[in-house]
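The values are calculated or read from the model by the stated rules, or taken from the named source; none is laboratory data. Treat the numbers as computed from the prediction; the structure is a model and nothing was measured. Methodologically, a virtual Cβ is constructed for each residue, glycine included, from the backbone with ideal geometry; neighbour enumeration extends over all protein chains shown. We work out accessible area using only protein heavy atoms, side chains counted, and drop any ligands, DNA or RNA first. Shrake-Rupley method; radii C 1.70, N 1.55, O 1.52, S 1.80 Å.
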Amino acid sequence: MIKVLHYVNQFFAGIGGEDKAGHEVLFLPHAVGVGAVIENAVKVHPIEYATIACGDNYFHEEEEKALQAIRASIDRFQPDFFLAGPAFNAGRYGLACAKLCSWVQDNWRIPAITGMHEGNPGIREVGRRLFVIQTGSSAASMPETLKCFSLLIERLISRDTKAIEDFRAEYCLPIPRRFTVKTDTPDYVRAVDLLLAKLNGQPYESEIPRIEAQQDPIPNLTGRLKDATVALVTEGGLVPKGNPDRLESSRGTKYFKYAIGDRDDLKRGEFQAMHTGYDTSTVDEDPDRIVPLDAMRVLEKAERFKKLHDHYFVTTGTGAMPSKMAEIGAGIADELAGSGINAVILTAT
Amino acid sequence: MELELFDYSIDELRWGERTALTGKSLSVHAPDLRELLKDLSHDIHVDYEIARPGESKRIVHVLDTVLPIAKLPGHATTFPGFDSPAQLVGTGKTNRIRNLLVTVTGRFPNVEALTPIEKPREGILDMGGVGAPFSYGSDCFHLILSLTPASSVSNATFDQSLRNMAIRCARYLAQVEKTNSESEKQVISLKPVSEHLPTVVLIYQVQSQLCCARTFYYAEEVSKTLPTFVHPAEFFDGAVVSGNYKSERKIPTSQHCANPFIAELLERHGKSMNFLGAILSRGYNDSFEQKKKMGLWVARLARNLGAEGAIAIMEGTGNGTVDFMQTVKACEDEGIKTVAVLHESNGPKGYERPLVDHPKEADGMISRGNVSERMYIPPLATVIGGSEIDLHLKASHDPRLPFLFDPTIFFGSYGKMGSSGFRAEYEN
């Protein structure tokens, strides 16, 4: 008996539309909607089909709870394959499908299949070796997409590795990403070989592509500095002593703001730096050296600018992925923009 | 300069009534070690354990591994400056047991008193299973000193003691009585070779910042020195010693003594190249100007050694990559063709920019794989060294249970991934 577990959103489960997007996780011991079509197509095999339905908003707003419920269903049902979607170009649904398939494949090490359009933001959440069937941008491409799902299930049941890889090449979305592979030659041999090629004027190829960092130009101040409200922002990890909010010292996922409205100076012993990327002893000795409050107060009194914002913002810029940092930066920028800030001094390490 | 290296290897490590090497079997009498380390282990409890290649064993909280090397009587001592006054090394005769490591495990006594950068990072060493090709030393025998310090021991004392204990133990094991054991003799030198062969240096950048994140040269912190020439034979005698507990990225002391890049360059010396030796430099300088200068000085030294080409390796990640890339750039600017070796951080989903810094001059990169790719790590039969591991300050985990993590949880993984032949590639 082959067990297939299929994740669909509230709409494809027939629960309802946008008004039911907050629907919590529901386990159904049978196929629903698109699942019934797939089940029917592969019915020559003994299949036990079950469905997990969840509202699009619920999944994103209550991700922890949703995953907990889905984990329980998977542990109980013990599927051989996990399906999600297809999501076409639906963003929230696509993200949920990609996240779930990656998570299921990582944790239960079973094949996970989803389908989406190349423009779906869910692409960014696709883990290694997932099957992401290429679809059109709308449900108009449903019939051929479901045929693809069924075909892949047939091939997975047959365990025909070549047919499965052929399927991947023909029907899955190419999403070029870098992962670890094993070669037969250690780095020290390849390095010397590459150097000799370089020295002997032979053609050579770098193993790591050079991808330039996205350059974000520093914007010019739109008004006069004299009238500006200025905020202090740092990636240097400075937090009140004891780190009350548990800012991570590396691989940061959060940012915080701390009040400085009633201070002229950040005193030693009242703040500490949570950061594994630089020697924090200078900052611990004088926290103003990463969040220069003392200097800013002098300039404020001298009316070089109008006002210093009464909070500083902090994250830890080390060990984290650039995409995560971009998210954190956008979060801080949104808050600043909403607080009437005209300028920012961003201190980095 | 010439070093005669007498290389022993073992095929069995076991507890015995005496400490001796018979044929290829090393027996160790634990009370001998206890006696040996007595004056170094005040308030530090030591458990002795053994692990063999391929065994289903996971060693946790690994802080360092040290290779048994000892000078024959009448010469200086190996690991100059540690537990003995420093003398020049790299000449004379040295005994080595090439597939045995003295492995130190433990947790610092007052972790909360350490700043984030000083805090050791968890390093596990899997002797078998999927983790083995990611764990430095999984192909060696291990004599493990599992240390438990009393809370009265200071972090600084513990740091110093664990290094001296391992080094003393390593010297002792290399000197044990040998019966019917044959050694292979190697001569480590840089003999003059044909002047038509291209001249190559090895740029060897270590992490050296502060306590718990530093490297020593003749027991002096590399952060207090300028880039310097080091003869390969000096490495074989333990001139470079690790005091860095950034586990995944560290070059363990045993790898300073037996570095595969040095071995490969010596192997090619006189055949396809003229290997000139190594330049020891440091990364993690505090400012960009300092990083740039470090690169300039390395390039100047390489130029004066007469190098036409360079292989560059580094210990570290992130911050240290900038010093490293400035070095590569400075070499290329000086006309020294350079190949640099690094791990990539492409993220768990593989789409992030591979390197934090990548100037256009660095056009000959060798990859060690994507160190941020998640992997499923099943348990092994036995855990040595502790009952709880620290998932990089974020959570703790019972090492007897499976978990999902990236290769940064393995001891010496960046270097080991390279030796295992891993690299990153585009995949659809």
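Report the residue count in region A:155-210 for those that are β-branched (Val, Ile, Thr) and in contact with a Ser or Thr (Cβ under 7 Å, 6 or more places away or on another chain). Full working, then the answer.
Going through region A:155-210, the residues β-branched (Val, Ile, Thr) turn out to be A:157, A:161, A:164, A:175, A:180-181, A:183, A:185, A:189, A:192, A:208.
Those left that are additionally in contact with a Ser or Thr (Cβ under 7 Å, 6 or more places away or on another chain): A:208.
Going through region A:155-210 one residue at a time, the tally reaches 1.
Looking at region A:158-178, can you tell me whether even one residue there is within 13 Å of chain B (Cβ to nearest Cβ), of a type in the set (Asp, Glu) and crowded, with 18+ Cβ neighbours inside 10 Å?
Taking every residue of region A:158-178 in turn, none turns out to be within 13 Å of chain B (Cβ to nearest Cβ), of a type in the set (Asp, Glu) and crowded, with 18+ Cβ neighbours inside 10 Å.
Can you go through A:GLU303, A:GLU270, A:GLU327 and tell me which one is within 14 Å of chain B (Cβ to nearest Cβ) and open to solvent by 70 Å² or more (accessible area, probe 1.4 Å)?
Working: A:GLU303 fails: within 14 Å of chain B (Cβ to nearest Cβ); A:GLU270 fails: within 14 Å of chain B (Cβ to nearest Cβ).
Testing whether each residue is within 14 Å of chain B (Cβ to nearest Cβ) and open to solvent by 70 Å² or more (accessible area, probe 1.4 Å) leaves just A:GLU327.
Select from region B:78-87 the residues that are closer than 12 Å to B:TYR217 by Cβ and not aromatic (Phe, Trp, Tyr) and write down the one among them that is most open to solvent (accessible area, probe 1.4 Å). Steps first, please.
If we filter region B:78-87 for residues that are closer than 12 Å to B:TYR217 by Cβ, which is where we start, we get B:79-82, B:86.
Still in the running and not aromatic (Phe, Trp, Tyr): B:80-81, B:86.
On the way: B:PRO80: 1, B:GLY81: 26, B:ALA86: 58 Å².
Among those residues, the one meeting the criterion is B:ALA86.
Looking at region B:382-392, which of its residues are in a loop (DSSP other than H, G, I, E, B) and more than 11 Å from every other protein chain (Cβ to nearest Cβ)?
Going through region B:382-392, the residues in a loop (DSSP other than H, G, I, E, B) turn out to be B:385-388, B:391-392.
Selection gives B:GLY385, B:GLY386, B:SER387, B:GLU388.
Which of the residues spanning region B:393-405 are in a loop (DSSP other than H, G, I, E, B), open to solvent by less than 40 Å² (accessible area, probe 1.4 Å) and more than 20 Å from B:LEU147 (Cα to Cα)?
First, the residues of region B:393-405 that are in a loop (DSSP other than H, G, I, E, B): B:393-395, B:398-402.
Now drop any that are not open to solvent by less than 40 Å² (accessible area, probe 1.4 Å), which leaves B:399.
Correct list: empty.
Let me confirm something: among A:LYS65, A:LYS43, A:LYS3, which residue is farther than 23 Å from A:SER102 by Cα and not aromatic (Phe, Trp, Tyr)?
Numbers: A:LYS65 fails: farther than 23 Å from A:SER102 by Cα; A:LYS3 fails: farther than 23 Å from A:SER102 by Cα.
Just one listed residue meets the conditions, A:LYS43.
If I ask for residues that are assigned to a strand (DSSP E or B) and crowded, with 24+ Cβ neighbours inside 10 Å, which ones from region B:276-296 would you list? Write out each step before concluding.
Initially, region B:276-296 is screened for residues assigned to a strand (DSSP E or B), giving B:276-283.
Within region B:276-296, B:ALA278, B:ILE279, B:LEU280, B:SER281, B:ARG282, B:GLY283 meet the criteria.
Evaluate region A:190-203: report whether one residue or more is surrounded by fewer than 20 Cβ atoms within 10 Å (Cβ to Cβ), of a type in the set (A, V, I, L, M) and within 25 Å of the chain's Cα centre (by Cα).
No, region A:190-203 contains no residue that is surrounded by fewer than 20 Cβ atoms within 10 Å (Cβ to Cβ), of a type in the set (A, V, I, L, M) and within 25 Å of the chain's Cα centre (by Cα).
Does region A:230-239 contain any residue that is open to solvent by 30 Å² or more (accessible area, probe 1.4 Å), away from chain B (no Cβ under 14 Å), farther than 30 Å from B:GLY320 by Cβ and of a type in the set (A, V, I, L, M, F, W, C)?
No, every residue in region A:230-239 fails to be open to solvent by 30 Å² or more (accessible area, probe 1.4 Å), away from chain B (no Cβ under 14 Å), farther than 30 Å from B:GLY320 by Cβ and of a type in the set (A, V, I, L, M, F, W, C).
Need the failing condition index for B:ILE97 against (1) among the hydrophobic types (A, V, I, L, M, F, W, C); (2) crowded, with 17+ Cβ neighbours inside 10 Å; (3) under 30 Å from B:ALA395 (Cα atoms), just the number.
Checking B:ILE97 against (1) among the hydrophobic types (A, V, I, L, M, F, W, C); (2) crowded, with 17+ Cβ neighbours inside 10 Å; (3) under 30 Å from B:ALA395 (Cα atoms), the one that fails is (3).
Going through region A:2-21 one residue at a time, which ones are loosely packed, with under 15 Cβ neighbours inside 10 Å and at negative phi? Even if it seems obvious, please write down each step before you answer.
Kept after step one, since they are loosely packed, with under 15 Cβ neighbours inside 10 Å, are these residues of region A:2-21: A:14, A:16-19.
Passing the criteria: A:GLY17, A:GLU18, A:ASP19.
Quick one: how many residues across region B:348-378 are at the interface with chain A (Cβ under 7 Å from one of its Cβ atoms), crowded, with 23+ Cβ neighbours inside 10 Å and outside any loop (DSSP other than H, G, I, E, B)?
Qualifying residue count, region B:348-378: 6.
Condition first: touching a Gly at 6+ places or on another chain (Cβ under 8 Å), β-branched (Val, Ile, Thr) and more than 27 Å from A:THR276 (Cβ to Cβ). Can you find one or more residues in region B:240-256 that meet it?
Checked region B:240-256: no residue is touching a Gly at 6+ places or on another chain (Cβ under 8 Å), β-branched (Val, Ile, Thr) and more than 27 Å from A:THR276 (Cβ to Cβ).
Within region B:107-119, track down each residue that is crowded, with 23+ Cβ neighbours inside 10 Å and modelled with pLDDT of 95 or more.
B:PHE108 - this is the single residue of region B:107-119 that is crowded, with 23+ Cβ neighbours inside 10 Å and modelled with pLDDT of 95 or more.
Please return the ranges of strands (runs of 3 or more DSSP E) entirely within region B:141-202 where 3 or more residues are touching a residue at least 12 places away in the same chain (Cβ under 8 Å) and of a type in the set (Lys, Arg). Spell out the reasoning first.
Details: elements: B:141-149, B:177-179, B:184-189.
Passing ranges: none, list empty.
State which residue is farthest from B:ALA424 (Cα to Cα) when the search covers only region A:166-207 and only residues that are of a type outside the set (A, V, I, L, M) and part of a strand (DSSP E or B). Steps first, answer last, please.
Initial filter on region A:166-207 (of a type outside the set (A, V, I, L, M)): A:166-168, A:170-172, A:174, A:176-180, A:182-188, A:190, A:193, A:198, A:200-207.
From what is left, the residues that are part of a strand (DSSP E or B) are A:172, A:177-180, A:182.
Working: A:CYS172: 21, A:ARG177: 9, A:ARG178: 6, A:PHE179: 5, A:THR180: 4, A:LYS182: 9 Å.
Top of the filtered list is A:CYS172.
So, in region A:100-130, of the ones that are open to solvent by 10 Å² or more (accessible area, probe 1.4 Å) and in contact (Cβ under 8 Å) with a residue 40 or more places away in the chain, which residue ends up farthest from A:LEU173 (Cα to Cα)?
A:PRO111
So is B:ALA299 farther than 25 Å from B:SER419 by Cα, buried (at least 24 other Cβ atoms within 10 Å of the Cβ) and either of a type in the set (Gly, Ala, Ser) or within 13 Å of chain A (Cβ to nearest Cβ) (or both) or not?
Details: farther than 25 Å from B:SER419 by Cα: yes; buried (at least 24 other Cβ atoms within 10 Å of the Cβ): yes; either of a type in the set (Gly, Ala, Ser) or within 13 Å of chain A (Cβ to nearest Cβ) (or both): yes.
For B:ALA299, the condition - farther than 25 Å from B:SER419 by Cα, buried (at least 24 other Cβ atoms within 10 Å of the Cβ) and either of a type in the set (Gly, Ala, Ser) or within 13 Å of chain A (Cβ to nearest Cβ) (or both) - is met.
Could you list all residues from region A:210-229 that are closer than 28 Å to A:LEU266 by Cβ, exposed (fewer than 10 other Cβ atoms within 10 Å of the Cβ) and either in contact (Cβ under 8 Å) with a residue 40 or more places away in the chain or within 11 Å of chain B (Cβ to nearest Cβ) (or both)?
A:LYS226
Restrict the check to region B:19-29 and report whether at least one residue is modelled with pLDDT of 95 or more, of a type outside the set (A, V, I, L, M, F, W, C) and within 30 Å of B:THR157 (Cα to Cα). Show your work before the answer.
The first filter runs over region B:19-29 and keeps only residues modelled with pLDDT of 95 or more, leaving B:19-29.
If we keep only those that are of a type outside the set (A, V, I, L, M, F, W, C) as well, we get B:19, B:22-25, B:27, B:29.
Narrowing the set further to residues that are within 30 Å of B:THR157 (Cα to Cα) leaves B:19, B:29.
Yes: region B:19-29 contains one or more residues that are modelled with pLDDT of 95 or more, of a type outside the set (A, V, I, L, M, F, W, C) and within 30 Å of B:THR157 (Cα to Cα).
Just checking, which of B:VAL241, B:VAL187, B:VAL206, B:VAL201 is farther than 26 Å from B:PHE410 by Cβ, open to solvent by less than 20 Å² (accessible area, probe 1.4 Å) and either touching a His at 6+ places or on another chain (Cβ under 6 Å) or modelled with pLDDT of 95 or more (or both)? Don't jump to the end; show me each part of the working.
Numbers: B:VAL241 fails: farther than 26 Å from B:PHE410 by Cβ; B:VAL187 fails: open to solvent by less than 20 Å² (accessible area, probe 1.4 Å); B:VAL206 fails: farther than 26 Å from B:PHE410 by Cβ.
Criteria check complete, one pass: B:VAL201.
Do you know which residues across region A:47-63 are β-branched (Val, Ile, Thr) and open to solvent by 40 Å² or more (accessible area, probe 1.4 Å)?
In the first step, residues of region A:47-63 are kept if they are β-branched (Val, Ile, Thr); the result is A:47, A:51-52.
Matches in region A:47-63: none.
Does A:SER137 satisfy being assigned to a loop (DSSP other than H, G, I, E, B) and at pLDDT below 95? Break it down stepwise before answering.
Working: assigned to a loop (DSSP other than H, G, I, E, B): yes; at pLDDT below 95: yes.
So A:SER137 fits the description; yes.
Which residues, taken from region B:112-140, are under 29 Å from A:PHE271 (Cβ atoms) and either polar (S, T, N, Q) or in a loop (DSSP other than H, G, I, E, B) (or both)? Working first, answer last.
To start, the set of residues in region B:112-140 that are under 29 Å from A:PHE271 (Cβ atoms) comprises B:112-122.
B:LEU114, B:THR115, B:PRO116, B:ILE117, B:GLU118, B:LYS119, B:PRO120, B:ARG121, B:GLU122 - these are the residues of region B:112-140 that are under 29 Å from A:PHE271 (Cβ atoms) and either polar (S, T, N, Q) or in a loop (DSSP other than H, G, I, E, B) (or both).
Identify, from the list B:SER345, B:SER419, the residue that is within 9 Å of another protein chain (Cβ to nearest Cβ), open to solvent by 30 Å² or more (accessible area, probe 1.4 Å) and either touching a Gly at 6+ places or on another chain (Cβ under 7 Å) or closer than 30 Å to B:VAL111 by Cα (or both).
Details: B:SER419 fails: either touching a Gly at 6+ places or on another chain (Cβ under 7 Å) or closer than 30 Å to B:VAL111 by Cα (or both).
After applying the criteria, what remains is B:SER345.
Which of the residues belonging to region A:131-157 are open to solvent by less than 40 Å² (accessible area, probe 1.4 Å) and within 14 Å of chain B (Cβ to nearest Cβ)?
Once the filter is applied, which keeps residues that are open to solvent by less than 40 Å² (accessible area, probe 1.4 Å) and within 14 Å of chain B (Cβ to nearest Cβ), region A:131-157 yields A:PHE131, A:VAL132, A:ILE133.
Tell me whether region A:244-251 contains one or more residues that are of a type in the set (Ser, Thr, Tyr), closer than 30 Å to B:VAL341 by Cβ and open to solvent by less than 20 Å² (accessible area, probe 1.4 Å). Spell out how you get there, then give the answer.
At the first step, the residues of region A:244-251 found to be of a type in the set (Ser, Thr, Tyr) are A:249-250.
Restricting the remaining residues to those that are closer than 30 Å to B:VAL341 by Cβ gives A:249-250.
Remaining after also requiring open to solvent by less than 20 Å² (accessible area, probe 1.4 Å): A:249-250.
Looking for residues that are of a type in the set (Ser, Thr, Tyr), closer than 30 Å to B:VAL341 by Cβ and open to solvent by less than 20 Å² (accessible area, probe 1.4 Å), one finds at least one in region A:244-251, hence yes.
Confirm whether B:ILE311 is crowded, with 20+ Cβ neighbours inside 10 Å, in contact with a Gly (Cβ under 8 Å, 6 or more places away or on another chain) and either among the charged types (D, E, K, R) or facing chain A (nearest Cβ under 8 Å) (or both).
no
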